[in-house]
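What follows is one structure encoded as structure tokens, with my remarks underneath.
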Amino acid sequence: MSSPPNLLSSLDLIPGLNSPANIVSPQPSAPSSPPLPIHSIPHQHQRSKTAPPPNFSSNARSHSHSNSPSKLKPVSSISAKLDQKPVRIANTPSRENSPPSSSENSPSSSTNHQSCLRRTHSSLSNGSSGGHNREKKKLRFTAISPNYNQNRGLDLEQGQLSNSTTGTKGIPRDQVDYLMSDPGTPNLSETADQIRRTLSLASLDSLLLLSTNPSGERDKLIAEVSKVGKDLVWRQKDEKKLLPRDPERAGVLALKRGLRSFLLAFSVRAGINVLLTLFRNLRNKKLRLALFRHAIFGQEPFRFGAMLGTFTFLNTLTLHILRLAPPLGYYRRRLKNGIFNKPTFGPPEREGDEGERRWQAAVAGAVGSLGLLWESTSRRTGVAQQMFVRGLQASYNQYTPRLGIHIPHGDLLVFGACCGQIMFAWLCSPETIPREYSAWILQASRVPSFAVNANRTLVRQKIIEPIQVQKALEHKAITPANRKALQDILIKLKEGYKPSVVPCEMIHPWVDSCPETNIRRFFAVFRFMLPVYSALHLIPMLVLRRHHVKRDPLRMLARAIWGLTRSCSFLGIFVFIYQVLFCLRIQSVEQGWGTNWIRNALKRKETFWLMGFSTCLSLLVEEKKRRAELAMYVLPRALESAWSSARKRAWVPIVPFGETILGAVAMGMVMDAYKHSPDAMSGIVRRLLFQLVGPV
């Protein structure tokens, strides 16, 4: 005769009974129906609020099975006596949101052990939603007892769950799966065990056996290892967010992601250096292996990798530590219990994204910005400026739709305003921009340095120094007509002549015609930018779109060549526009074109800013999705120049540790947008953060 079913296991079907805390036993009407003994129920493992309760032990089950089926009360009779005095099952957490019943303070319940969980009111929100979605919850504080860790009876060893008291038969299958390690978030012991198994001699023996095995097991193993390696190097789009449930697992996860970011950033930086070194060697027609060794193992790749690796580690660790941190209610309860008294409860449980707040992503990004300290001061400032404008871009895209603000062709306007400030600073106030950036503009524009210096002294002091004219006369490619014109100007300058503009003979002494020199400069700038834009177009395509390259290499190569041509033409047209306007200004003043009002306006230095703004038309040559990227590239340079100009006039104060503060604010804005509004960010920045930081 089979044993009767366990009636207590079906009590969860009764409305209102959602947890073991509400399982009650009716008052026994006869000695043949005693309640379950408390000592027969094992101490429960700390488990999820959503996980089902484990079944009773075999002793309790056998005790209930020993009763005659005729004497067992049906479910209806048990539910009819729920209003009677209940007996709480010890060490079982309550999942109800209502306060505990008064029966907990009854004399019969005082003989039971203390409840494993303690609760208090706290206003928590679901996930990181706003305050309007907040609801009143119960925080479950875990109990702390001297023999709690000894009586848990549940431990994980080599991926299997063992119960030292009753075995695993009394635990449901889904409860066993829940108590296993979360995928992707092992602790230190589990990580060490994984590494030990991977590097064990048994694994090497298995590889030797597979190498001699003619079957398809070797190919299958190679395919699996290749897939795992690709997943380690490159994240898949469908990768899920990992939420470690304790600080130890959060630290292991942060360390893994930090090391991965270091390797990825180091490889990309070294690859770009190698490509640029290769172009430099091809231009000089000399192959120097020392340059390649420095490009791979120099300071730049290591500094860049350490910066991004440290940022990823600190950001991930801080984000999860803040999520797992106890709320203020926990500390109030500790203060109420007494600071020096031994506590009887621990921090509340955190499941999933419970405990997340909107401000945590910004704080984690600010803490992660300490990774910028690996870079040199000049590069640190440049990275902080770039990330600051990325944060401004994300904030603008995030909040302007809510306010109903829309600026048509905003990328062109921003690019034009930035180029106006940069070109004005380069011609009139070069001390407000970095020296390296000023030298790069001089090299890319193909304008002789003596012409720039002559224009600067003319704007500031209303004179042209004769030494600058003498340098123009010494140019090796000067034409006879330009030589004769410059000699006449030099004689006039010695006699006290004060010109209104720098003559075109000093701007391009190697060519007599202004249109011809402008066309030549277009092709010269095109060739100058070809190596740089080749690296910017080819490397991201091979790294970010390697699957498309493998599937259709000819089409992707054609797209890369077309994009490379457009990018090089963009900068060539930029120089062409500014040079045409510059020569047109000189000819208008010297030849007397236009009215006196126009000529007087062209003599003012503000004209250089307007000519720089007009170069925004060159941005139309670029692809539409790259226009905003180019605008974000020049924006930090323009802001730095404007800040330096204001600082020179004492309009703004000196901020100590300015680049560190700027980096913290920038990364706070960027990580806040990346977590809560990723669509508001630039596509390339969002994809790079996904590969470095991962889903958050």
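I need a count of the residues in segment 264-291 that are among the aliphatic types (A, V, I, L, M) and closer than 30 Å to residue 694 by Cβ.
Within segment 264-291, the first condition is being among the aliphatic types (A, V, I, L, M), and the residues that meet it are 264-265, 268, 270, 272, 274-276, 278, 282, 287, 289-291.
Within this subset, residues satisfying the condition of being closer than 30 Å to residue 694 by Cβ are 264-265, 268, 270, 272, 274-276.
Going through segment 264-291 one residue at a time, the tally reaches 8.
State which residue pairs qualify: first residue assigned to a helix (DSSP H, G or I) and inside segment 487-499, second residue of a type in the set (Asp, Glu) in any location, beta carbons under 9 Å apart, and separation of 6 or more residues or different chains.
489/505; 493/465
Could you grab me the full set of residues in segment 322-350 that are charged (D, E, K, R), part of a helix (DSSP H, G or I) and over 23 Å from residue 673 (Cβ atoms)?
Quick first cut of segment 322-350, residues charged (D, E, K, R) only: 323, 332-334, 336, 342, 349-350.
Among the residues that remain, those that are also part of a helix (DSSP H, G or I) are: 323, 332-334, 336.
332, 333, 334, 336, listed by residue number.
Just to be sure, is residue 353 under 30 Å from residue 676 (Cβ atoms), of a type outside the set (Phe, Trp, Tyr) and touching a Gly at 6+ places or on another chain (Cβ under 7 Å)?
Values: under 30 Å from residue 676 (Cβ atoms): yes; of a type outside the set (Phe, Trp, Tyr): yes; touching a Gly at 6+ places or on another chain (Cβ under 7 Å): yes.
It is true that residue 353 is under 30 Å from residue 676 (Cβ atoms), of a type outside the set (Phe, Trp, Tyr) and touching a Gly at 6+ places or on another chain (Cβ under 7 Å).
Being in contact with a helix residue (DSSP H, G or I) (Cβ under 9 Å, 6 or more places away or on another chain) and outside the structural domain of residue 542 (by TED's automatic domain parsing) narrows it down to one of 260, 293, so name that one.
Working: 293 fails: in contact with a helix residue (DSSP H, G or I) (Cβ under 9 Å, 6 or more places away or on another chain).
Every option except 260 fails the conditions.
Considering only segment 660-674, state which residues are closer than 12 Å to residue 381 by Cβ, surrounded by fewer than 24 Cβ atoms within 10 Å (Cβ to Cβ) and of a type outside the set (A, V, I, L, M).
Here is the first cut: in segment 660-674, the ones closer than 12 Å to residue 381 by Cβ are 660-663, 666.
Now narrow it down to the ones that are surrounded by fewer than 24 Cβ atoms within 10 Å (Cβ to Cβ): 660-662.
Passing the criteria: only 660.
Would you pick out the residues in segment 456-468 that are part of a helix (DSSP H, G or I) and in contact with a helix residue (DSSP H, G or I) (Cβ under 6 Å, 6 or more places away or on another chain)?
From segment 456-468, those part of a helix (DSSP H, G or I) are 456-461, 466-468; that's our starting set.
Scanning segment 456-468 gives 459, 466, 468.
So which helices (runs of 4 or more DSSP H) are wholly in segment 373-452 and hold at least 3 residues that are at pLDDT 90 or above and of a type in the set (Val, Ile, Thr)? Walk me through how you get there before you give the answer.
Numbers: elements: 377-403, 410-428, 435-445.
Here the list is empty.
The values are calculated or read from the model by the stated rules, or taken from the named source; none is laboratory data. Since this is a predicted model, take the numbers as computed values, not measurements. Neighbour counts run over all protein chains shown; Cβ positions are idealised from the backbone, glycine included.
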